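Participant: First the structure, which I've put down as structure tokens, then a few questions once you've had a look.
Just so it is clear, none of the values below were taken in a lab; they were calculated from the coordinates. What you are looking at is a predicted structure, and each value in this text was computed from that prediction instead of being measured. Neighbour counts run over all protein chains shown; Cβ positions are idealised from the backbone, glycine included.
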Amino acid sequence: MSILLRGRLLLPLLAGRGVYRLAIVVSNLLFLAAWGESTFATYALVMGSFTAVMFLTSCGVEKGALKLVPRVTRARSELIAVFVVLPAISGSVCLIWILATGLGGGRSSLWILAGVLAVGLGLNQVLVGLHRVLDRPWRDVANHAVLVLAIGLGVAGALLADQGPLWALTVMVTAVAVLNVALVSGLVLRPSGLRRRALVRQAIGTSALMSASELAAAGIVSLVFLLLARSGFRDQGAALYVIVSASALLVNAFGFLLRIMQPQVSRTLHRGAASEAVRRRTVRWARIIAIGGAPYLAAVTALTILWRQHTGATGQTAALALLYLACIPLFFGLGSINFVLENGDRRTLRRTASGSVTGLAGAALSAFVLVPLLGAPGALAAIAVGDVVHAITVLPALTSSKEST
């Protein structure tokens with residue numbers, strides 16, 4: 001993976017991801033202008049509801065592949081086959097369950113296309129990750145360039161030909177399907193790896209532990225959109241989706257940088273003085289979030305509600321944006337803590353995974369109370385509650401580790 005650290009390759013990789021995420025944010029604003037708030041709100045609620053499916057398909061599997069594939073020599077093709085099949089199965093099972101139960105209120109073509117797109121995009125990120133592991137980073141850049149073109153085609157249809165959400169999703173599903181076929185055809189796969197239980201167990205176990213934080217975050221995002229769709233604040237879904245999409249631009253750039261830094265950080269955490277300095281800083285941040293996070297979050301949420309009441313409907317998006325900006329220290333602070341724990345020993349990896357689960361539980365309970373009561377601001381506050389609970393869960397492990405040293 002040293003190839004990723006060369007400046008001439010790092011910049012195109014970051015630029016490709018950045019332009020893609022920026023295209024998503026801009027396209028949402030243009031779709032809102034072209035379709036109107038009502039149609040866009042329906043589109044936003046459907047897309048937001050499938051956030052967890054995309055993350056379930058990709059996050060842990062990609063991180064697991066980036067960790068395990070470089071270490072394997074003889075069984076590399078078998079392991080790659082496992083990492084190709086695993087996200088396709090997990091994402092498809094989740095999609096079938098959502099559509100079969102009618103969760104979120106629909107089995108329409110829009111819901112089906114959004115679900116297929118979520119699975120396809122998740123698999124797409126795993127595939128380009130595998131190509132990066134195999135020293136083919138330019139395929140990652142080309143892949144995201146094609147996705148940007150597909151987004152542009154969808155926007156052009158909406159603005160110039162009065163096409164609706166079905167058009168935009170059909171274009172994206174088609175582009176992702178073509179890209180995935182091309183990416184799979186460029187990999188050497190040996191299906192025999194699927195019959196090697198030890199290999200499959202190792203891939204599933206590593207992926208599950210390393211996906212906990214992203215899955216918990218994606219799960220609560222999907223939950224708040226589902227609750228918003230069934231609440232009296234349904235019309236606030238458009239504003240919330242714009243904020244969440246803009247957030248994804250920052251979060252994904254941050255996460256991609258962390259994955260590039262992962263090998264160096266992992267080595268640092270196993271070296272005396274440098275390791276202890278990182279652990280002390282992590283304990284300090286975790287203690288700040290665990291102790292001060294709840295009162296801070298309550299204060300900024302209350303101020304947001306007052307601001308929204310003062311400005312009315314015209315200030316709804318601005319109020320949400322201000323609340324998100326106020327929550328950034330919680331989101332990125334916890335993200336950094338989680339990254340350090342994931343790259344520590346097996347004990348800290350398990351602890352932060354359990355912290356993600358308890359954080360999800362805390363956020364879910366908060367969402368069931370806050371979303372029907374406050375609408376979109378309650379949804380953002382519930383997401384932040386998950387990070388506070390996560391910090392409270394991992395703090396004992398950090399402090400005991402510090403004392404033992």
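Participant: Nearest 0.05, what FRET efficiency do W138 and R74 give at R0 = 30 Å with Cβ-Cβ as r? Provide the component values of the computation, followed by the final result.
Facilitator: Working: r = 27 Å, r/R0 = 0.90.
The calculated FRET efficiency here is 0.65.
Participant: Under unit Cβ charges (Lys, Arg +1; Asp, Glu -1), what dipole magnitude, rounded to 20 debye, does the chain have relative to its Cα centre?
Facilitator: The calculation lands at about 1680 debye.
Participant: Right, something else. In percent, how large is the relative contact order of the chain, given Cα pairs closer than 8 Å and 6 or more residues apart?
Facilitator: The value is 22 percent.
Participant: Need one number: nm distance between label points at L250 and T311, each 7 Å from Cα along Cα→Cβ, rounded to one decimal.
Facilitator: Those two pseudo-labels are separated by 1.6 nm.
Participant: Starting from the 7 Å offset along Cα-to-Cβ, what nm value, one decimal, do you get for the label separation of L257 and V369?
Facilitator: Those two pseudo-labels are separated by 3.5 nm.
Participant: Over the stretch 2-230, calculate the relative contact order: mean separation of alpha carbon pairs under 8 Å at least 6 apart, over the residue count, as a percent.
Facilitator: Once divided by the residue count of the stretch 2-230, the mean separation gives 36 percent.
Participant: Further question on the same structure: Do the sum for the chain: with -39,500 (n - 2.57) for every DSSP H run of n ≥ 4, divided by all residues, what is the mean residue ellipticity at 222 nm, to the nearest 500 deg cm²/dmol?
Facilitator: -30500 deg cm²/dmol
Participant: Rank-order 223-231, 374-382, 177-185, 358-366 by packing density, defined as the average count of other C-beta atoms within 10 Å over each peptide's residues, highest first.
Facilitator: Taking the mean over residues of other Cβ atoms within 10 Å, the ranking is 374-382, 223-231, 358-366, 177-185.
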